[in-house]
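The values are calculated or read from the model by the stated rules, or taken from the named source; none is laboratory data. Everything quoted here is computed from the prediction, not taken from an experiment. Because the Cβ atoms are built from the backbone with ideal geometry, glycine has one as well, and the counts that use them run over all protein chains shown.
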Amino acid sequence: MTHTPVVDVLVGKHAVGETVTVKGWVRTRRDSKAGLSFIALHDGSCFDPVQVIALNSLQNYSDIQKLTAGCSLSVTGQVKASMGQGQALEIEAQSIEIVGWVENPDTYPMAAKRHSIEYLREFAHLRPRTNVIGAVTRVRNCLSQAIHRFFHERGYLWISTPILTASDTEGAGEMFRVSTLDMMNLPRNDKGEVDYSEDFFGKETYLTVSGQLNVETYCAAMSKVYTFGPTFRAENSNTSRHLAEFWMIEPEVAFADLSDVATLAEDMLKYVCKAVLEERADDMAFFAERVKKDVITRLEALVNSDFVRMDYTDAIEILKASGKQFEFPVEWGVDLSSEHERYLAEEHVGAPIIMQNYPKDIKAFYMRINDDGKTVAAMDILAPGIGEIIGGSQREERLDVFDQRLEEMGLSKEDYSWYRDLRRYGTVPHAGFGLGFERLVAYVTGMQNVRDVIPFPRTPGNASF
Ligand code: 4AD
């Protein structure tokens, strides 16, 4: 059953004259007057399909002439130097086994023509056969491998944090509830509230919004750790950068402050972008041609320049002085909206910004209070073209200050007792961040919408497939 990936043929791993077997799907087929058929066969291993020459001497040539886009084939043939333009090598078929027909070419949704990206979303199960989603898939894979490599090379341990949890890490109340209770017949206590003691876990349970609180516990023993897993947010945001299910990478570092993890984030982004430029030149050339002209130069600039560090307070002044009419007015204390982030990253600086020291009232309970008492040691990284891709902070490691914050925010000590223990037993300064993986993939490929960089997007009203 061994066969050769198309990429190996195209990069010349097999000598001209060697016999190989390639397997894949027909992208296009055309007949020549000279009595042969040219088949573009792809198998997902690289951007380009390989050209297969089928001579009319093949015993099933009449069937081959009926092949249409989407049919699956096993081709055995000889590697040849190509006479055609654009690619150096092709395969002259000695035999072609038709593995699967397309039952009616007129109804095949991925017929070889340009489809709109919205149309492709309706066919999440077939869209990986297209150029664009194939390229996204390979870049996404390259990025995730590079992320693991980056942390592994620096001695970080990958920690699996739970998906089912009782904690709302971000305190934003945007959690999906998980329950085995009968929704039509919920058990209630004397006050009429739902009685979760009868539920599977004996208490209210959700899908996690972030692995951070859990990974902090391992940080307080293993020093340098990270999570890489799916996270869930029930925020009803129908935007091009929000998903209900997305993947997040969350490193956490002991004996580290905000500046240390800002540097770590910058190094990581440069490392993974460099990996894509080196390993996925074929896909990036496609994105530059078809999706976003400056996508490669933008990545090269990111790899080679220092990120700009800016305080939230200074950013507010810059926005006020910009003379721009923003939909959401700017005032110290407001959260930056995407129009503000875009103005700062795209128009004002033109490079990624590490925005630091936000007002405490707009940030989560676990962030470390700065000496001014008004701001927290938080950072967001804003990238031109997409806005926020990273959110992070130094964590409050002082038990008394932390308890005060819990009280201010109306959160109970009991709910966070295990988290408080980390501050009671050998507390250390520590910091970390969360990188939204789909936002990174969108930024790197130039794709406009995060729905097109995750295989099966989950958004309000959409969980089919
Ligand atoms: O800023 P957030 O909410 O931070 C946290 O969850 C922290 N616990 C991370 C940490 O410090 N360990 O989310 C982090 C990143 C955002 O910057 C964004 O890139 C992405 O996660 N993100 C989303 N991506 C897609 N869809 C959504 N609904 C997202 N919400 C956040």
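Just to check your reading of the model, which residue among Val16, Val20, Val52, Val75 is surrounded by fewer than 16 Cβ atoms within 10 Å (Cβ to Cβ), more than 33 Å from the chain's Cα centre (by Cα) and β-branched (Val, Ile, Thr)?
Answer to the selection: Val16.
Among the numbered criteria (1) surrounded by fewer than 20 Cβ atoms within 10 Å (Cβ to Cβ); (2) in contact with a strand residue (DSSP E or B) (Cβ under 6 Å, 6 or more places away or on another chain), which single criterion is violated by Ile147?
With (1) surrounded by fewer than 20 Cβ atoms within 10 Å (Cβ to Cβ); (2) in contact with a strand residue (DSSP E or B) (Cβ under 6 Å, 6 or more places away or on another chain) applied to Ile147, the lone miss is (1).
Please verify whether Ser210 is touching a Pro at 6+ places or on another chain (Cβ under 9 Å), within 14 Å of the ligand (Cβ to nearest atom) and assigned to a loop (DSSP other than H, G, I, E, B), treating the condition exactly as stated. Spell out how you get there, then give the answer.
Numbers: touching a Pro at 6+ places or on another chain (Cβ under 9 Å): no; within 14 Å of the ligand (Cβ to nearest atom): yes; assigned to a loop (DSSP other than H, G, I, E, B): yes.
It is false that Ser210 is touching a Pro at 6+ places or on another chain (Cβ under 9 Å), within 14 Å of the ligand (Cβ to nearest atom) and assigned to a loop (DSSP other than H, G, I, E, B).
Quick test of your reading of the structure: Ser305 fulfils all but one of (1) without any contact (Cβ under 8 Å) to a residue 40 or more places away in the chain; (2) closer than 22 Å to Ile390 by Cβ; (3) among the hydroxyl-bearing types (Ser, Thr, Tyr). Name the failing condition by number.
Only one criterion is unmet by Ser305, namely (1).
Give the residue that is surrounded by the fewest Cβ atoms within 10 Å (Cβ to Cβ), with candidates limited to residues of segment 357-404 that are within 13 Å of the ligand (Cβ to nearest atom) and polar (S, T, N, Q).
Ser393
Tell me, please, whether a residue that is small (Gly, Ala, Ser), within 14 Å of Glu216 (Cβ to Cβ) and more than 14 Å from the ligand (Cβ to nearest atom) can be found in segment 422-434. Step through it out loud before you land on a result.
Kept after step one, since they are small (Gly, Ala, Ser), are these residues of segment 422-434: 426, 431-432, 434.
Cutting the leftovers down to within 14 Å of Glu216 (Cβ to Cβ) gives us 426, 431-432, 434.
From the residues that got through so far, the ones that are more than 14 Å from the ligand (Cβ to nearest atom) too are 426.
Within segment 422-434, one or more residues are small (Gly, Ala, Ser), within 14 Å of Glu216 (Cβ to Cβ) and more than 14 Å from the ligand (Cβ to nearest atom).
Output the residue which, of all residues in segment 23-41 that are more than 19 Å from Ala81 (Cα to Cα) and in contact with a helix residue (DSSP H, G or I) (Cβ under 7 Å, 6 or more places away or on another chain), is surrounded by the most Cβ atoms within 10 Å (Cβ to Cβ).
The selected residue is Gly24.
Taking Ala281 as the residue in question, decide whether it is out of contact with any helix residue (DSSP H, G or I) (no Cβ under 8 Å at 6 or more places or on another chain), of a type in the set (A, V, I, L, M) and modelled with pLDDT of 95 or more.
yes
Across segment 416-456, what is the total count of residues that are under 20 Å from Glu235 (Cβ atoms) and either in contact with a strand residue (DSSP E or B) (Cβ under 8 Å, 6 or more places away or on another chain) or among the aromatic types (Phe, Trp, Tyr) (or both)?
12
What are the residues in segment 227-241 that are in contact with a helix residue (DSSP H, G or I) (Cβ under 7 Å, 6 or more places away or on another chain) and either under 12 Å from Glu174 (Cα atoms) or within 9 Å of the ligand (Cβ to nearest atom) (or both), if any? Break it down into steps so the answer makes sense when it comes.
Restricting attention to segment 227-241, the residues satisfying the condition of being in contact with a helix residue (DSSP H, G or I) (Cβ under 7 Å, 6 or more places away or on another chain) are 227-228, 240-241.
Correct list: Thr227, Arg241.
Being modelled with pLDDT of 90 or more, within 14 Å of the ligand (Cβ to nearest atom) and either hydrophobic (A, V, I, L, M, F, W, C) or under 21 Å from Gln448 (Cα atoms) (or both): is that true of Glu347 here?
It is false that Glu347 is modelled with pLDDT of 90 or more, within 14 Å of the ligand (Cβ to nearest atom) and either hydrophobic (A, V, I, L, M, F, W, C) or under 21 Å from Gln448 (Cα atoms) (or both).
Of everything in segment 163-186 that's of a type outside the set (A, V, I, L, M, F, W, C) and exposed (fewer than 13 other Cβ atoms within 10 Å of the Cβ), which residue is nearest to Met367 (Cα to Cα)?
Gly173
I need the helices (runs of 4 or more DSSP H) fully contained in segment 383-465, keeping only those with at least 2 residues that are without any contact (Cβ under 8 Å) to a residue 40 or more places away in the chain and touching a Phe, Trp or Tyr at 6+ places or on another chain (Cβ under 9 Å).
Result: 399-408, 417-424.
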